[in-house]
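Okay, structure first, notes after.
The values are calculated or read from the model by the stated rules, or taken from the named source; none is laboratory data. All of these numbers come straight from a predicted model, not from anything done at the bench. Cβ atoms come from the backbone with ideal geometry, glycine included; neighbour counts cover every protein chain shown.
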Amino acid sequence: MWLVVGLFCEGPTDGRFLPTIIHRTLLAILVEQSAFDVELQEQIIPYAEKSNEERAQAICRERASVDLFVVHADASRLQSERVQDTIVGQIQATASAACGVRPERIIPLLPIREMEAWVLADPDAIARALGYDAGWPERVERGWQPERAEAEPDPKRTLDAAIRSLAGGRRGRRSPGAEAYFDRIADEVGLSCLGRLASYQRFRTDLQRGFTSLRRPPSLDPHGRRVGG
């Protein structure tokens with residue numbers, strides 16, 4: 001089985017971090033399930049559509065060549081369920097009604113507050129991305145608790161401050177901004193660190209459910225025709 005995943009991101013900087021996290025998480029799921037007959041395409045297919053209707057149309061258009069579609073949206077802790085219903089839920093319902101795509105194939109990825117909260121889950125990965133091979137240096141103060149990264153009121157500001165602290169300690173080095181390091185951090189961040197965050201746990205569960213649904217035999221209607229996709 002050749003497995004292909006698509007991604008609808010909120011913004012361009014999210015696309016420098018999330019595809020690698022999705023790919024690595026799915027690889028871990030495949031290993032856990034001993035799915036040795038599955039090959040995962042390395043590139044996560046990016047989509048630019050923004051509205052629910054446009055995204056559902058893209059899913060219907062691509063449903064034969066892409067197996068799972070991840071929909072990213074940031075949400076506060078109190079608004080997470082509303083975002084789930086009004087964005088991902090509506091896309092699932094529209095695609096299901098329009099072309100029979102099973103809702104499980106459309107995966108919500110909803111970091112609490114901002115994607116940067118996931119980046120903050122592993123300070124050592126941030127430090128390694130800036131060249132500190134041993135991880136976060138003891139002499140640099142860390143202003144947040146990684147296991148409570150999603151409780152940070154402003155994850156972007158916290159991350160920018162962390163980057164400045166690390167870059168400021170290297171002579172002759174200036175920080176170009178946190179987004180410049182997202183690719184490297186995504187390679188370095190520990191999935192076990194992300195696993196301490198409730199929103200990542202939920203995403204991983206939904207991703208695993210989506211993959212499992214692909215391996216179920218298709219449902220048939222009373223006339224023997226395939227139902228759903």
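If you go through the range 51-89 and pick out every residue that is touching a Lys or Arg at 6+ places or on another chain (Cβ under 7 Å) and surrounded by fewer than 18 Cβ atoms within 10 Å (Cβ to Cβ), you end up with 1. Could you tell me whether the range 159-170 includes any residue that is under 21 Å from the mean Cα position of the chain (by Cα), surrounded by fewer than 23 Cβ atoms within 10 Å (Cβ to Cβ) and farther than 22 Å from H23 by Cβ? Yes, there is a match, as at least one residue in the range 159-170 is under 21 Å from the mean Cα position of the chain (by Cα), surrounded by fewer than 23 Cβ atoms within 10 Å (Cβ to Cβ) and farther than 22 Å from H23 by Cβ. Counting only residues that are free of Cβ contacts under 8 Å to residues at least 40 places away in the same chain and either under 15 Å from the mean Cα position of the chain (by Cα) or within 15 Å of H72 (Cα to Cα) (or both), the range 20-49 holds 6 of them. Annotation: of all residues in the range 110-125 being in contact with an Asp or Glu (Cβ under 8 Å, 6 or more places away or on another chain) and aliphatic (A, V, I, L, M), the one that is surrounded by the fewest Cβ atoms within 10 Å (Cβ to Cβ) is L110.
When the range 171-197 is filtered for residues that are at pLDDT 95 or above and surrounded by fewer than 19 Cβ atoms within 10 Å (Cβ to Cβ), the ones remaining, listed by number, are D183, R184, D187, E188, G190, L191, S192, G195, R196.
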